[in-house]
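K.L.:
Structure incoming, see below.
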Amino acid sequence: MNRVRYITAMSLAFAFAACSDDGTTIKGNSCELPKVECSGTCTDLGAMHWSDCGVCAEGYADADSDATNGCEATADGENPGGNSGENPECTGAGEKKCSGTCTDLGAMHWSDCGVCAEGYEDADGDAANGCEAKVDGENPGENPECADPDEKKCSGACVDLGTLHWSDCGVCALGYADADGDAANGCEAKVDGENPGENPECADPDEKKCSGACVDLGTLHWSDCGVCAVGYEDADGDAANGCEAKVDGENPECADPDEKKCSGACVDLGTLHWIDCGVCAVGYADADGDAANGCEARVKLHDGRCVDATDCETLAHVATASCVAGKCQIDACAEGYADCDGNPKTGCEMNGSSNFYRCGARGTCTDATESANYKGKACNLGEECRDGACKPVPEIVGCSDGTREGFLDLLKFNNLAACSGAWTVKGIHHNEGPSCNRKSGNTGENQAGAGCNVEDLCATGWHVCLGRGDVATRSEYGCNGILDGMPQNEPYLFITRTSSTGELNCDPDTVGVPLNMNDIFGCGNFGCYATGNKCDPLKLSGHNLCQALREKCGCSLQANGTVACSNTSGHCNGNGIGHPIDYFGALNHRIYTPAWDCGNDNSGLYEARDIVKTSNDQGGVMCCKNQCEIDADCGAGRICRYNVCVECIINELGQTEGCPAGKTCSASHTCV
């Protein structure tokens, strides 16, 4: 002990003993040792962690600003040592008394009572659950049971807070509410009463699914399902007509319950075609600006809503329709069209040749026997319930094996498909049809393509597209979108039955006898560029002897991640280098075995005659839906040849078909 402090302490002890009246009371102080008088109260300084009355001892702080419990907290905000002597009411090692309650600061993510620890925030404003949210909105490391970093364990299950519109377990994110009281679907309603994108079953963005039905909240005067909007009430207790009455008591001045007082006069809203004072009902307008006659003008609706069936006549390609509960119901489509999305707003959106088009079989597998996984499952577009499972329908998909490798969007490309596969019968001009009963294709029975020709890759009711014209009539998008949804770093070329006039210029579409056998043309991401103004929408070619699909052009991967090709002459150039086979080799760090073989005729004029494909990768053919089977399918002045409607052809015997006497058929199949 410091000598001065020792002498002082001893002197004080001696003085207290010498100056006491009875040995227990300090002279001049009525408190018993070791207490001292503070503000008129005998106080144990040590118990209060005070060095003097109201002065915190070194290492302690008055965290709750309550002098009655002294300096109850260590200066660092924690209570090490199991709170021994600091918060005797709290037994937990990590606890501290906050607002009269022993609280585990760590569990609350607090650095001190009510103070969020670094990296946490009180997202719901509820102090009872502490700082429950990570500042970044994620929950890494806190729920190791949840593999997805966006998930959090709530009530024993890993859930995606974002999908449920939660800021934390059961806590609605800003702008959302749990309107139906069902925690399983989270906070499903927007606070503003709308539900955009949250009920995909409801085609109308103004609608919301309430009790299993899509309803227009505005029409029913609801702010949410069954909740009256401000100023409205459900006077008749009938939820079917919503909150039909204004809160002002329904205008007791008007004797007729169908009337409402508007601008001081009782008026029949229905007669004036109003849904409220001065507000036009759907399908009506105030054309003359005279409120006295209400919304007197009938206007046609074009969005699937209706007042009567005449509104539905404006829907695209609809033959007959009816108006049911304010919405159009399509009864029959115009010839050659079909309603595949079930949305009256889009009308009969799918087009195809008469008698040769049908939507994907969207049947439900209620009789599934092969696999319980299909029980009650609605099949996708391009599938049907067959043998107890959802299976592809080749006639809809367009490829003989039932799987497409390009133009994957069946709604967008309903008449055009890209099909991968191999064939061993040389050439692309096969007017005799398939030769292996359409068994080829990359998922077909005959994947090696033995004995198959190009037509075997297309499904029944489809043919290898003749060329640029055939493709253009099947798709307003041309070849744009051919590889959407496919790996962009793999080589694909899908060819047509087009040959060349030379220098990568495409021939016109040829029905019957081909004009030339020079080169091949198609779309994808593999090969040399074709001549734009002669080949659009076809983009690519194989060049002489398919060299651009087989030989290397000195391509290598650069430091910036791009691929550069050093050889830009000859077959590696064309009309721009395009993407030769070693472009993909450099990109993917592998060596590709060429799948395309255009023969070895050194003249370079017979690729279309000699071409075969030896494996299923690297593409295949483009298949077009047949336009016709007989001449009657084509209409006046046109004939059906090779399932395409044309004005005329020159057949294999050199004879003109379809033209009157004295005229012959041009290369573009018109009579001249």
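The values are calculated or read from the model by the stated rules, or taken from the named source; none is laboratory data. Worth saying up front: this structure is predicted, and the values here are computed from it rather than measured. Note that each Cβ is placed from the backbone with ideal geometry, even for glycine, and that neighbours are counted across all protein chains shown. Note: accessible area is taken over every heavy atom of the protein model, side chains too, but ligands, DNA and RNA are not part of it. Shrake-Rupley method; radii C 1.70, N 1.55, O 1.52, S 1.80 Å.
K.L.:
Do any residues in the range 646-672 that are modelled with pLDDT under 85 have Cβ atoms under 7 Å from those of residues that are of a type in the set (D, E, K, R) and surrounded by 13 or more Cβ atoms within 10 Å (Cβ to Cβ), where the two are at least six apart or on different chains, and which pairs are they?
P.N.:
N651/E657
K.L.:
Working only within the range 31-64, note down all residues that are of a type in the set (A, V, I, L, M, F, W, C) and part of a strand (DSSP E or B).
P.N.:
Answer for the range 31-64, where residues must be of a type in the set (A, V, I, L, M, F, W, C) and part of a strand (DSSP E or B): V36, C38, C42, W50, V55, C56, A61.
K.L.:
In the list G114, G170, G125, which residue meets the criterion of being surrounded by fewer than 18 Cβ atoms within 10 Å (Cβ to Cβ) and either in contact with an Asp or Glu (Cβ under 6 Å, 6 or more places away or on another chain) or at pLDDT below 80 (or both)?
P.N.:
None of the others qualify; the one that does is G125.
K.L.:
Just checking, which of C628, C665, C648 is crowded, with 21+ Cβ neighbours inside 10 Å and within 42 Å of the chain's Cα centre (by Cα)?
P.N.:
C628
K.L.:
Now for a different question. Taking the range 300-338 only, how many residues are among the hydroxyl-bearing types (S, T, Y) and surrounded by fewer than 15 Cβ atoms within 10 Å (Cβ to Cβ)?
P.N.:
Looking only at that region, the number is 3.
K.L.:
I would also like to ask the following. Can you tell me which residue is farthest from G347 (Cα to Cα) among those in the range 252-311 that are part of a loop (DSSP other than H, G, I, E, B) and of a type in the set (V, I, T)?
P.N.:
Only one residue tops the list, namely T271.
K.L.:
Please work out which residue is surrounded by the most Cβ atoms within 10 Å (Cβ to Cβ), limiting yourself to the range 452-469 and to residues that are in contact (Cβ under 8 Å) with a residue 40 or more places away in the chain, of a type outside the set (G, A, S) and under 19 Å from I396 (Cβ atoms).
P.N.:
L457
K.L.:
Keeping to the range 282-299, report how many residues are touching a residue at least 12 places away in the same chain (Cβ under 8 Å) and either under 35 Å from the mean Cα position of the chain (by Cα) or open to solvent by 50 Å² or more (accessible area, probe 1.4 Å) (or both).
P.N.:
8
K.L.:
Scan the range 132-153 and give yes if some residue there is open to solvent by 50 Å² or more (accessible area, probe 1.4 Å) and at pLDDT 80 or above, otherwise no.
P.N.:
No, there is no match, as no residue in the range 132-153 is open to solvent by 50 Å² or more (accessible area, probe 1.4 Å) and at pLDDT 80 or above.
K.L.:
Next question, about the same structure. Check T364, T346 and return the single one that is at pLDDT below 70 and of a type in the set (V, I, T).
P.N.:
On inspection, the qualifying residue turns out to be T364.
K.L.:
In the range 429-451, which residues are of a type in the set (K, R) and either crowded, with 21+ Cβ neighbours inside 10 Å or in contact (Cβ under 8 Å) with a residue 40 or more places away in the chain (or both)?
P.N.:
If the condition is that a residue be of a type in the set (K, R) and either crowded, with 21+ Cβ neighbours inside 10 Å or in contact (Cβ under 8 Å) with a residue 40 or more places away in the chain (or both), then R438 is the only one that fits.
K.L.:
Related question: Sort out which residues of the range 589-611 are acidic (D, E) and surrounded by fewer than 16 Cβ atoms within 10 Å (Cβ to Cβ), and write them in order of number.
P.N.:
D601
K.L.:
Can you give me the number of residues within the range 634-671 that are over 25 Å from P434 (Cβ atoms) and among the acidic types (D, E)?
P.N.:
Total satisfying the criteria: 1.
K.L.:
Considering every residue within the range 387-400, establish whether at least one is hydroxyl-bearing (S, T, Y), in a loop (DSSP other than H, G, I, E, B), at negative phi and modelled with pLDDT under 80.
P.N.:
no
K.L.:
Right, here's the next one. Of the residues that make up the range 489-499, is at least one open to solvent by 60 Å² or more (accessible area, probe 1.4 Å) and touching a Gly at 6+ places or on another chain (Cβ under 7 Å)?
P.N.:
no
K.L.:
Take the conditions part of a strand (DSSP E or B) and touching a strand residue (DSSP E or B) at 6+ places or on another chain (Cβ under 6 Å) and apply them to C243. Does it pass?
P.N.:
So C243 does not fit the description; no.
K.L.:
Taking the range 576-604 as the search range and keeping residues that are under 33 Å from the mean Cα position of the chain (by Cα) and in a helix (DSSP H, G or I), which one is farthest from G527 (Cα to Cα)?
P.N.:
Per the criteria, the residue is N588.
K.L.:
Being surrounded by fewer than 24 Cβ atoms within 10 Å (Cβ to Cβ) and part of a helix (DSSP H, G or I) is the filter here, so list the residues in the range 548-561 that pass it.
P.N.:
If the condition is that a residue be surrounded by fewer than 24 Cβ atoms within 10 Å (Cβ to Cβ) and part of a helix (DSSP H, G or I), then R550 is the only one that fits.
K.L.:
Hey, among the residues in the range 203-226 that are of a type outside the set (D, E) and modelled with pLDDT under 75, which one's surrounded by the most Cβ atoms within 10 Å (Cβ to Cβ)?
P.N.:
Residue satisfying both the conditions and the ranking: A203.
K.L.:
Please go through the range 45-61 and give me each residue that is open to solvent by less than 60 Å² (accessible area, probe 1.4 Å) and farther than 18 Å from A73 by Cβ, ordered by number.
P.N.:
C53
K.L.:
Exactly one of (1) modelled with pLDDT under 75; (2) under 23 Å from the mean Cα position of the chain (by Cα) is unmet by G162. Its number?
P.N.:
The number of the failed condition is (1).
K.L.:
Can we say A636 is of a type in the set (G, A, S), part of a helix (DSSP H, G or I), out of contact with any His (no Cβ under 7 Å at 6 or more places or on another chain) and surrounded by fewer than 16 Cβ atoms within 10 Å (Cβ to Cβ)?
P.N.:
no
K.L.:
Would you tally the residues in the range 118-130 being touching a Cys at 6+ places or on another chain (Cβ under 7 Å) and closer than 13 Å to T103 by Cα?
P.N.:
Residues meeting the conditions: 0.
K.L.:
Within the range 599-642, work out how many residues are closer than 21 Å to W462 by Cα, without any contact (Cβ under 8 Å) to a residue 24 or more places away in the chain and of a type in the set (S, T, Y).
P.N.:
0
K.L.:
Give the range 265-280 a look and list any residue that's surrounded by fewer than 17 Cβ atoms within 10 Å (Cβ to Cβ) and farther than 14 Å from E244 by Cα, or say none.
P.N.:
Within the range 265-280, A265, C266, D268, T271, G278, V279 qualify.
K.L.:
While we're here: What is the one condition in (1) modelled with pLDDT of 95 or more; (2) surrounded by fewer than 24 Cβ atoms within 10 Å (Cβ to Cβ) that V621 does not satisfy?
P.N.:
Only one criterion in (1) modelled with pLDDT of 95 or more; (2) surrounded by fewer than 24 Cβ atoms within 10 Å (Cβ to Cβ) is unmet by V621, namely (2).
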